[in-house]
Amino acid sequence: MKDYLIAPSILSADFARLGDEVNAVLDAGADIIHFDVMDNHYVPNLTIGPMVCEALRNHGISVPIDVHLMTTPVDQLILDFAKAGASYISFHPEATAHVDRSLQLVRDQGCKSGLVFNPATPIHCLEYLLDKVDVILVMSVNPGFGGQKFLPSTFKKLEKVRQLIDDAGLPIRLQVDGGIGVDNIRRIANAGADIFVAGSAIFKSPDYAATIHAMRAELGQQLTKNH
Ligand code: DX5
Ligand code: ZN
């Protein structure tokens, strides 16, 4: 059985009730929490920073928090989010002058490092970086907003990255983000992904548990007592 992880994106949660919303998706069976950071510079939208991450930790959230930086630059935020309790920190290679150094900075803080590729971004920089990444995140929409449609060009990219990871024989996770729901998660898994970010599909659904269970059923995952 493949170890698939479901990562609800709190971008689509009710921010006025954020702690409760995170507890609700965890009770519904989510594995990790995806935390979208937007700076109104790298992307047009503006969201949340390290203080909110720390507030979730203080609220008792103990599962991994997966920080997706859609910001430029990234190095100071890497330090701040590590201090605020982040578990994974991912950034876009074009958002930092020294990708290798920023990846190392993430690991030096004891966090898992991730590199994110937009739909139009080629993946060739991975050639010299595979030993520095714990997660490769393939964007299946253009970053900045929840609720967009999954771009079909993602399938080919996922297959390519999956091949790279398997050829290298490294324990790198392949994450995918944007436009994912019950109806397409199986095909996306078939292309090689193993961490699925889903915002609107979960938070805009009337029953979080039913949606997450339906995703797991599509993935052929056993429903355990935690799921
Ligand atoms: C987009 C964000 C995503 C977003 C996904 O820039 O990185 O994490 O929340 O939302 P959905 O699942 O609604 O496409
Ligand atoms: Zn994201």
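The values are calculated or read from the model by the stated rules, or taken from the named source; none is laboratory data. Because the structure is predicted, anything quoted here is derived from the model rather than measured. Please note: Cβ atoms are built from the backbone with ideal geometry, for glycine as well, and neighbour counts cover all protein chains shown. The accessibility values were calculated without ligands, DNA or RNA, using every heavy atom of the protein model including side chains. Shrake-Rupley method; radii C 1.70, N 1.55, O 1.52, S 1.80 Å.
Before moving on, here are some points about what is shown:
- Members of segment 1-29 that are in a loop (DSSP other than H, G, I, E, B), among the small types (Gly, Ala, Ser) and more than 13 Å from ligand 1 (Cβ to nearest atom): Ala28, Gly29
- Against the test of being closer than 25 Å to Thr72 by Cα, modelled with pLDDT of 95 or more, among the β-branched types (Val, Ile, Thr) and more than 15 Å from the chain's Cα centre (by Cα), the options Val161, Val197, Val141, Val176 yield a single qualifying residue, Val161.
- Members of segment 185-210 found to be over 12 Å from Thr154 (Cα atoms), part of a loop (DSSP other than H, G, I, E, B) and open to solvent by less than 30 Å² (accessible area, probe 1.4 Å), listed by number: Asp194, Gly199, Ser205
- The single condition from (1) in contact with a Cys (Cβ under 8 Å, 6 or more places away or on another chain); (2) farther than 21 Å from Ile212 by Cα that Leu79 fails is (1).
- The residues of segment 111-140 that are within 24 Å of Gly169 (Cβ to Cβ), surrounded by fewer than 14 Cβ atoms within 10 Å (Cβ to Cβ) and not aromatic (Phe, Trp, Tyr), listed by number, are Pro122, His124, Glu127, Asp131.
- Looking only at segment 12-38, and only at residues there that are open to solvent by 40 Å² or more (accessible area, probe 1.4 Å) and of a type outside the set (S, T, N, Q), the one that is nearest to Val74 (Cα to Cα): Phe15
- When every residue of segment 62-74 is checked against the conditions, none turns out to be charged (D, E, K, R) and over 14 Å from the mean Cα position of the chain (by Cα).
- Failed criterion for Leu219 (all others in (1) open to solvent by less than 50 Å² (accessible area, probe 1.4 Å); (2) within 17 Å of the chain's Cα centre (by Cα); (3) not hydroxyl-bearing (Ser, Thr, Tyr) hold): (2)
- Under the condition of being free of Cβ contacts under 8 Å to residues at least 40 places away in the same chain and touching a helix residue (DSSP H, G or I) at 6+ places or on another chain (Cβ under 6 Å), the residues counted in segment 37-52 number 1.
- Top-ranked residue of segment 96-110 - restricted to ones that are surrounded by fewer than 20 Cβ atoms within 10 Å (Cβ to Cβ) and among the small types (Gly, Ala, Ser), ranked as nearest to the chain's Cα centre (by Cα): Gly110
- Checked across segment 203-214, the condition of being touching a Ser or Thr at 6+ places or on another chain (Cβ under 7 Å), of a type in the set (S, T, N, Q) and farther than 14 Å from Pro119 by Cα holds for at least one residue.
- The strands (runs of 3 or more DSSP E) found wholly in segment 36-145 and carrying at least 2 residues that are within 13 Å of ligand 2 (Cβ to nearest atom), within 22 Å of Ala193 (Cβ to Cβ) and of a type outside the set (A, V, I, L, M, F, W, C) occupy 65-70, 88-91.
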